[in-house]
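Peer 1: Below: one structure in structure tokens.
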Amino acid sequence: MNMLFSVLLIVIVAALMSGCVAQGSGIADRGAEVDSSLIIAEQGPPRERARIHTELAAAYYERGNLAVALEEIRIAIAADPSYALAYNVLGLLHADLKEYDQAQLSFERAIRLSPNDADINHNYGWFLCQAGKEEQSLRYFQAAVRNPLYATPQKTYVVAATCALGKSMQAEALDFYERALKFDPAYLPAVMGMTKLKFRMGELIDARNLLARFNKLVEATAESLWLGVRVERKLGNKAAESNLAARLRRQYPDSPEFQDFQNGRFD
């Protein structure tokens, strides 16, 4: 499944995900194991039943058990056909199953039911981007970040930047990365994304400074070291280039980046 998708935050009783309940002679024998969520899921108000089954579906989706997730989401929709988050998860499921028409219909239904929901807008935007509709996707990313209650707009800004670059919309991508970093200067995908874009644009000092920030936040990766080698090479700093190349050789000798270095693929 694509990790760029935003899925519901799930808090599920462990018993629900490990076969529901232990073996026993009846409900009375395992009463302590029956969480109130189970009761609500089967007997509660329609919206609560839909919510719980949607959360279960999302949890199974994250585990890669799509068949069970589909069954749970169908129960959720049967309980409350107006519950937008159920169609959001259904869209994710159809997308993973490569049932793209059904995925689009599900996301559109979710948007109609809850047009300001940030996660739904994020997910539909990414789906459209993956479908080659990058420019159309930006509308939904922008709707996601307009929600003042959205906790992770930096995630959406980075995905929007990726989609913008898919259409060679460099200025738009730069703006999205800048917004992501303004919200969270330590968000690694934004730091690395901006670094790569600055390198592509020939703004090498900015790229070097961003790499320094990245390597302070986390241990240098094969990607960051290799990009550093290329930055310093273009700047003509042979000592820094050699130092970074030596670290790449020592720390990541089996990486594709080191293979690129060995083969002289600097561009």
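Peer 1: What's the number of the only condition in (1) under 21 Å from A207 (Cα atoms); (2) at pLDDT below 95; (3) open to solvent by less than 40 Å² (accessible area, probe 1.4 Å) that E134 fails to meet?
Peer 2: Of everything listed in (1) under 21 Å from A207 (Cα atoms); (2) at pLDDT below 95; (3) open to solvent by less than 40 Å² (accessible area, probe 1.4 Å), E134 misses just condition (1).
Yes or no, residue by residue, for (1) among the hydroxyl-bearing types (S, T, Y); (2) closer than 30 Å to R146 by Cβ:
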{"residue": "K167", "(1), (2)": "no, yes"}
{"residue": "R179", "(1), (2)": "no, yes"}
{"residue": "A190", "(1), (2)": "no, yes"}
{"residue": "S224", "(1), (2)": "yes, no"}
{"residue": "K234", "(1), (2)": "no, no"}
{"residue": "L244", "(1), (2)": "no, no"}
{"residue": "D254", "(1), (2)": "no, no"}
{"residue": "Q259", "(1), (2)": "no, no"}
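Peer 1: Quick check: is even one residue across the range 157-171 among the β-branched types (V, I, T), over 25 Å from G44 (Cα atoms) and outside any helix (DSSP H, G or I)?
Peer 2: So in the range 157-171, the residues among the β-branched types (V, I, T) come out as 158-159, 162.
Add one more test, that the residue is over 25 Å from G44 (Cα atoms), and what stays is 158-159, 162.
Applying the additional criterion that residues be outside any helix (DSSP H, G or I) yields none.
No, the range 157-171 has no match at all.
Peer 1: Same structure again: Considering only residues that are part of a helix (DSSP H, G or I) and in contact with an Asp or Glu (Cβ under 8 Å, 6 or more places away or on another chain), which ones fall in the range 134-156?
Peer 2: Matches in the range 134-156: L138, A144, Q154.
Peer 1: Another question, then. Name the residue, out of R213, R233, that is assigned to a helix (DSSP H, G or I), at pLDDT 95 or above and touching a Pro at 6+ places or on another chain (Cβ under 9 Å).
Peer 2: Details: R233 fails: touching a Pro at 6+ places or on another chain (Cβ under 9 Å).
Among R213, R233, only R213 is assigned to a helix (DSSP H, G or I), at pLDDT 95 or above and touching a Pro at 6+ places or on another chain (Cβ under 9 Å).
Peer 1: Follow-up. Residue by residue through the range 74-116, note down the ones that are open to solvent by less than 20 Å² (accessible area, probe 1.4 Å) and assigned to a loop (DSSP other than H, G, I, E, B).
Peer 2: D80
Peer 1: Return the residues of the range 167-206 that are within 24 Å of K133 (Cα to Cα) and open to solvent by 50 Å² or more (accessible area, probe 1.4 Å); say none if nothing qualifies.
Peer 2: K167, S168, Q170, A171, E172, D175, E178, R179, P189, K196, R200
Peer 1: Being among the acidic types (D, E), without any contact (Cβ under 8 Å) to a residue 24 or more places away in the chain and surrounded by 12 or more Cβ atoms within 10 Å (Cβ to Cβ) is the filter here; which residues of the range 234-267 pass it?
Peer 2: E241 - this is the single residue of the range 234-267 that is among the acidic types (D, E), without any contact (Cβ under 8 Å) to a residue 24 or more places away in the chain and surrounded by 12 or more Cβ atoms within 10 Å (Cβ to Cβ).
Peer 1: Sticking with this one: For the range 56-91, which residues satisfy the criterion of being free of Cβ contacts under 8 Å to residues at least 12 places away in the same chain and either in contact with a strand residue (DSSP E or B) (Cβ under 8 Å, 6 or more places away or on another chain) or of a type in the set (G, A, S) (or both)?
Peer 2: A67, A78
Peer 1: Among the residues of the range 187-203, is any in a helix (DSSP H, G or I), of a type in the set (S, T, N, Q) and over 29 Å from W126 (Cβ atoms)?
Peer 2: no
Peer 1: Identify, by number, the condition in (1) under 30 Å from M169 (Cα atoms); (2) open to solvent by 60 Å² or more (accessible area, probe 1.4 Å); (3) β-branched (V, I, T) that I120 doesn't meet.
Peer 2: (2)
Peer 1: What do you reckon, is L227 modelled with pLDDT of 95 or more, of a type in the set (A, V, I, L, M), within 23 Å of the chain's Cα centre (by Cα) and crowded, with 16+ Cβ neighbours inside 10 Å? I'd like the intermediate steps shown before the answer.
Peer 2: Numbers: modelled with pLDDT of 95 or more: yes; of a type in the set (A, V, I, L, M): yes; within 23 Å of the chain's Cα centre (by Cα): no; crowded, with 16+ Cβ neighbours inside 10 Å: yes.
Spelling it out, it is not the case that L227 is modelled with pLDDT of 95 or more, of a type in the set (A, V, I, L, M), within 23 Å of the chain's Cα centre (by Cα) and crowded, with 16+ Cβ neighbours inside 10 Å.
Peer 1: Determine if the range 211-233 includes at least one residue that is among the acidic types (D, E) and more than 17 Å from E257 (Cα to Cα). Break it down into steps so the answer makes sense when it comes.
Peer 2: Kept after step one, since they are among the acidic types (D, E), are these residues of the range 211-233: 219, 223, 232.
If we keep only those that are more than 17 Å from E257 (Cα to Cα) as well, we get none.
No, the range 211-233 contains no residue that is among the acidic types (D, E) and more than 17 Å from E257 (Cα to Cα).
Peer 1: Using the structure shown, decide if R230 is in contact (Cβ under 8 Å) with a residue 24 or more places away in the chain and on the phi < 0 side of the Ramachandran plot.
Peer 2: Numbers: in contact (Cβ under 8 Å) with a residue 24 or more places away in the chain: yes; on the phi < 0 side of the Ramachandran plot: yes.
Considered against the rule, which asks whether it is in contact (Cβ under 8 Å) with a residue 24 or more places away in the chain and on the phi < 0 side of the Ramachandran plot, R230 comes out as yes.
The values are calculated or read from the model by the stated rules, or taken from the named source; none is laboratory data. Worth saying up front: this structure is predicted, and the values here are computed from it rather than measured. Backbone-built Cβ (ideal geometry, glycine too); neighbour counts: all protein chains shown. Note: accessible area is taken over every heavy atom of the protein model, side chains too, but ligands, DNA and RNA are not part of it. Shrake-Rupley method; radii C 1.70, N 1.55, O 1.52, S 1.80 Å.
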